[in-house]
Every structure is written in structure tokens, then in C-alpha cells.
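Everything on this sheet refers to the single structure shown next.
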Amino acid sequence: MLDISIDLHLHLDGSLSLDTVKRLAKMQNMTLPEDDDKLKELLTVRKGCRDLAEYLTKFDFPLSLLQTAEAIEEGTYLLCKELLNEGCIYAEIRFAPQLHLLCGLSQEQVVKAAIKGFERSGLLGGLILCCMRGNDNRAQNFGTVVVAKKYLGKGVLALDLAGNEAGFPTGAFEDIFEASRKERIPFTVHAGEADGAASVKKAIEMGAARIGHGVRSIEDEEVLKLLTDKKIPLELCPTSNLNTAIFSDINEYPVRKLMDKGVIVTVNSDNRSVSDTTAQKEIELIKSTFKLTESEEKQLFLNSVNAAFCGGDIKRKLVKMIE
């Protein structure tokens, strides 16, 4: 096992450690449960989680801690430092600026704070800004596109669409990504998770450069061909997909089938706290379950480098580190 990690699909609000939660609460004079087990219950999904909708409820508490510029900066910084200490050589951290406005911040102030925290850490990578699935947030989503354009290449790498996929189909947000294409902002889309392969097909048609999760592509040969022909990588997050009951057992996970079909796959953590995992754990889970060779493991890391929303100089540096 290579003693490194790369994480392309990592949510800030789903990845606050216990130590970070305590630090952010102290900064804001917020009262927390004294028992660490009770605190962890607020952050981590229970066994027997029904679906993605229940999984998403675990974001409410950490989001309450990330409503000031100081907390957003510190939370981003501490997550990056944890990643560095674990051997992470590159990460793309995503979050939805529109969910951090309860204390009066603008989306731009939220993003500037997160950029500052990331830059303080020294970790290679940057931020992905999430638009959110919903009925009444169209203006906020377009606001996210505007901020992404302003800070593209200055800490922001790309856009995303996140949230309850089953409740709000991917195609309903085509106008958001038409605006992204016009502004030349690359984007990934959460698709093929709670909804089926048709969601992935729609994301591809909208111009997604990557697909978040995308595991249900395996249900449709046409979608698999689109992924391989267009060389669109999937951001796989195995434990998260078990948590949300897409698969009941890791042995059902289609990573080997996807690889055999020629689909480009990467392995990521999704939510370190909600799913109680890390990128290293996810790679080891896949490697041990599906008997990956060292060459196949190395290829997963190279896939992540090739799929990353960074420039060629950083990619070449990362390839050297892997080699």
C-alpha cells in the first residue's frame, strides 16, 4: 500500500473531527455534549441508515459551527492539516457557500475565508463550490457561479451540484451548468447515487468533467460507453455508498466491474466524520476486498491526478511523488 492519499471528493461540513468541533465551539462560545460518544453521534451516521436523505441530516450540526468567517477559515485549515498529517498529497475540498450565511456573511466572504484557511495549511489543492438541489434556491445557485468565476484559479477549482438527488433530479439544474459552461468553469455533479444511471447521463450531457459517485452507471451499458468514450472519471466513495444503502455489502460494490469496463475510477472519502473514514481507509477497503495489485492501486492514484482540477505543473509534481 502506498503511504499517501489523494482526495477529490471531500465535503468540509461532513469532515469536521471531534477536535475541530471542540475548537470551533470554543471560538464561538457554543455548548457541546461533554461525552465524546454523544458528540460523535451528532457527527456520524448510525448503522442502519435508510438512505441518502437520512444521511444528509448529519450535516445540520457541523454546519451550525461554520457560520462565521473565522470558523470557516479555521475549520478548513484544521481539516487540511489533518490531511497533511495523514500523508495526503493533494485534496479538493467542497462545500456550498449558500449554507453558511446564517450569521450575515455573503457567499463571497464565505469563500474568501475558506481560501485563506486552505492557503494557510500549505496543502496542495483547492476548493470546489457546491450548488444545491432544491426548489427555491435558484438565485443562490447563480450567486455561487458568480463567486466561482471571480475566484477561479485563485483558490477555487470548480463547481459541483450536491444534495438530495432522488428528490431533485439532475436535469432540473441544467441552467446552472449552462452558465458554468459560458463562464468556462469546470464542474463535477453528484449523480448516479440516490438516482439511477439516467442521472449520470444527464450530467454528462450538461458537460460535467467528472461525476460524483456515479456507481449506478453500472446499470446501463450506454452510460458506461459514454463515460469511457468521453474519458469522464467517477469519484467513488465506497463507505458512503454503503451508509446510504445503495449497496448492502462491500462485495457488491462495482469498482472492479467499472474498471474492467474501462471506466476511469478514483477512490475518495466523501465525508470523513459522517462516514467515519479517510481516503486511506477507502483505498485499503477496495484493495483488500477486490484483491487489487500494487499496479492497480498505483493506477487509482494516477487516475486521481489526471482527474484533478489543477494545472499541469501540480499534476507533474504529484506524478513524481507517486512514482
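Annotations for the structure displayed:
- Calculated FRET efficiency for the pair Ala172/Arg50, C-beta based, R₀ 25 Å, to 0.05: 0.60
- Net +/- balance of residues flanking Ser288 in space, Cβ distance below 12 Å, scoring K and R +1, D and E -1: 0
- Accessible area of region 17-123 belonging to carbon and sulfur atoms, whole % at 1.4 Å probe: 50 percent
- Within a Gaussian network of the chain (alpha carbon springs, distance under 10 Å), most fluctuating of Glu297, Glu178, Glu74: Glu178
- Each peptide among 202-209, 267-274, 115-122 gets the average number of other Cβ atoms lying within 10 Å of its residues, and from highest to lowest they stand as 267-274, 202-209, 115-122.
- Model label zone, Thr57; criterion: amide N under 16 Å from point 7 Å along Cα-to-beta-carbon; scope region 154-171: 164
- Flagged links, alpha-carbon separation over 25 Å, of Lys58/Lys225; Lys112/Lys201; Lys225/Lys315; Lys225/Lys257; Lys58/Lys202: Lys58/Lys225; Lys112/Lys201; Lys225/Lys315; Lys58/Lys202
- GNM result for the chain, Cα springs below 10 Å: residue of Gln280, Gln67, Gln28 fluctuating most strongly: Gln28
- Per-residue SASA entry for Ser106, accessible area with 1.4 Å probe, Å² rounded to 10: 50 Å²
- Cross-link reach is defined here as a Cα-Cα straight distance under 18 Å, omitting same-chain residues fewer than 8 places apart; for Lys116 the aspartates and glutamates meeting it are Asp13, Glu70, Glu73, Glu74, Glu82, Glu92, Glu108.
- Net lengthening on full extension, Lys26/Lys40 (0.36 nm per residue, minus Cα-Cα): 3.4 nm
- Expected 222 nm ellipticity per residue - DSSP helices of 4 or more, -39500 (n - 2.57), all of the chain, to 500: -14000 deg cm²/dmol
- Between the alpha-carbon centres of region 73-107 and region 292-317 there is a gap of 22 Å.
- Size of electric dipole in the chain: Cβ of Lys, Arg +1 and of Asp, Glu -1, about Cα centre, debye, nearest 20: 880 debye
- C-alpha center-to-center spacing [region 219-245, region 1-49] in angstrom: 27 Å
- Å² per residue, accessible surface of the chain at 1.4 Å: 42 Å²
- One decimal place: the segment Val319-Asp136 gains 61.6 nm when fully extended, by the rule 0.36 nm per residue minus the C-alpha distance.
- Each of the peptides 225-236, 310-321 was scored by the mean count of other Cβ atoms within 10 Å over its residues; in descending order, highest first, they stand as 225-236, 310-321.
- Using equal-weight Cα scatterers in the Debye expression, the normalised intensity of the chain in log10 at q = 0.06, 0.08, 0.15 Å⁻¹ is -0.18, -0.32, -1.27.
The values are calculated or read from the model by the stated rules, or taken from the named source; none is laboratory data. Owing to the predicted nature of the structure, the values given are computational and were not obtained by experimental measurement. When we count neighbours, we look across all protein chains shown, and the Cβ atoms used for this are built from the backbone with ideal geometry, even at glycine. In case anyone asks, the SASA skips ligands and DNA or RNA and just uses the protein heavy atoms, side chains included. Shrake-Rupley method; radii C 1.70, N 1.55, O 1.52, S 1.80 Å.
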